[in-house]
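*Asks:* One structure, as structure tokens, below. Some questions next.
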Amino acid sequence: MDVFEAIDKRYSCRTYEDRAIEPEKLDRVLDAARLAPSARNFQDWRFIVVQDAATRAKLIPAANDQAFVGSAPAVIVACSNSDYVMRCGQAIGPIDIAIALEHIALQATAEGLATCWIGSFFPDKVRAILGIPEDIQIIELMPIGYPAGGAPAKKREPLTKIVSYDKWEFDSI
Ligand SMILES: Cc1cc2nc3c(=O)[nH]c(=O)nc-3n(C[C@H](O)[C@H](O)[C@H](O)COP(=O)(O)O)c2cc1C
């Protein structure tokens, strides 16, 4: 599968088969995160892979009662320890994690797996469940597994609405 095909096929999967992910597939998916770029190559990320069924069940209320989060065979919890802010004023933690997680999502797609970004969660609940230290930011969760059912059609704006050349030519965002 080439990169564009993986980008096109990736979707937010909210129904998973009750089927474990082969360890070699999971390793390749996690390696895709390891190989991601990061600001100053800080690699300011840590990923907790939650596979234990009882722990996944506890993550459901922590994920704002999104039951599908616990039904995936694994949930990746992406953490950062960086409060470094770039010259442009943006914090690197969420940016670096976002890149790494999208590497995960795309490699998962190439492996026949599916994922969903989860931003609707309570960090303090996740922290307590997984024993994550107070000085670590919990940026995002990502369930991963074999999809049950197909992908819905993508809803996206056309390029003409989101791209201009050489200068700002938008009315607004
Ligand atoms: C940062 C971020 C947080 C998100 N949080 C959630 C979430 O908590 N629950 C959920 O069901 N989907 C979540 N999504 C998925 C988006 O709703 C989804 O990406 C968007 O509707 C586009 O659909 P697609 O991913 O299938 O292309 C999140 C996506 C992103 C990028």
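*Asks:* So how many residues does segment 1-33 have that are farther than 14 Å from residue 105 by Cα and not in a loop (DSSP other than H, G, I, E, B)?
*Replies:* Going through segment 1-33 one residue at a time, the tally reaches 3.
*Asks:* Is it true that some residue in segment 33-56 is buried (at least 16 other Cβ atoms within 10 Å of the Cβ), aromatic (Phe, Trp, Tyr) and out of contact with any Pro (no Cβ under 7 Å at 6 or more places or on another chain)?
*Replies:* Yes, segment 33-56 contains a residue that is buried (at least 16 other Cβ atoms within 10 Å of the Cβ), aromatic (Phe, Trp, Tyr) and out of contact with any Pro (no Cβ under 7 Å at 6 or more places or on another chain).
*Asks:* Hey, any hits in segment 116-134 for a residue that's part of a helix (DSSP H, G or I) and near the ligand (Cβ under 9 Å from one of its atoms)?
*Replies:* Checking segment 116-134: not a single residue is part of a helix (DSSP H, G or I) and near the ligand (Cβ under 9 Å from one of its atoms).
*Asks:* Do we find a residue being touching an Asp or Glu at 6+ places or on another chain (Cβ under 7 Å), touching a residue at least 40 places away in the same chain (Cβ under 8 Å) and within 16 Å of the ligand (Cβ to nearest atom) anywhere in segment 67-83?
*Replies:* The answer is yes, given that some residue of segment 67-83 is touching an Asp or Glu at 6+ places or on another chain (Cβ under 7 Å), touching a residue at least 40 places away in the same chain (Cβ under 8 Å) and within 16 Å of the ligand (Cβ to nearest atom).
*Asks:* Given (1) under 23 Å from residue 21 (Cα atoms); (2) within 14 Å of the ligand (Cβ to nearest atom), where does residue 113 come up short, assuming only one miss?
*Replies:* (2)
*Asks:* Another question about this same structure. So for segment 90-98 (the condition being touching a residue at least 60 places away in the same chain (Cβ under 8 Å), surrounded by fewer than 20 Cβ atoms within 10 Å (Cβ to Cβ) and farther than 19 Å from residue 152 by Cα), does at least one residue qualify?
*Replies:* No, the conditions are met nowhere in segment 90-98.
*Asks:* Please work out if residue 87 is away from the ligand (no atom under 12 Å from the Cβ), on the phi < 0 side of the Ramachandran plot, modelled with pLDDT of 95 or more and outside any strand (DSSP E or B).
*Replies:* In short, yes.
*Asks:* Looking only at segment 79-120, how many residues end up being over 12 Å from the mean Cα position of the chain (by Cα) and within 15 Å of residue 50 (Cα to Cα)?
*Replies:* Final tally of qualifying residues: 0.
*Asks:* Please go through segment 34-54 and give me each residue that is closer than 27 Å to residue 87 by Cα and part of a loop (DSSP other than H, G, I, E, B), ordered by number.
*Replies:* Residues satisfying the conditions are 35, 36, 37, 38, 42, 43, 44.
*Asks:* Looking at residue 157, is it among the charged types (D, E, K, R), within 13 Å of the ligand (Cβ to nearest atom), farther than 26 Å from residue 25 by Cβ and loosely packed, with under 14 Cβ neighbours inside 10 Å?
*Replies:* Here the answer is yes, as residue 157 does meet what is asked.
*Asks:* In segment 121-154, what residues are under 15 Å from the mean Cα position of the chain (by Cα) and of a type in the set (A, V, I, L, M)?
*Replies:* 138, 139, 141, 142, 144
*Asks:* Right, next: If you check residue 167 against the conditions, is it part of a loop (DSSP other than H, G, I, E, B) and either free of Cβ contacts under 8 Å to residues at least 12 places away in the same chain or surrounded by 10 or more Cβ atoms within 10 Å (Cβ to Cβ) (or both)?
*Replies:* Yes; evaluated as a whole, the condition is true for this residue.
*Asks:* Sticking with this structure for a sec: Scanning segment 4-46 for residues that are within 16 Å of the ligand (Cβ to nearest atom) and hydrophobic (A, V, I, L, M, F, W, C), which turns out farthest from the chain's Cα centre (by Cα)?
*Replies:* Result: 4.
The values are calculated or read from the model by the stated rules, or taken from the named source; none is laboratory data. Not measured: the values here are computed from a predicted model. All Cβ positions, even for glycine, are placed from backbone atoms using ideal geometry, and neighbour counts span all protein chains on display.
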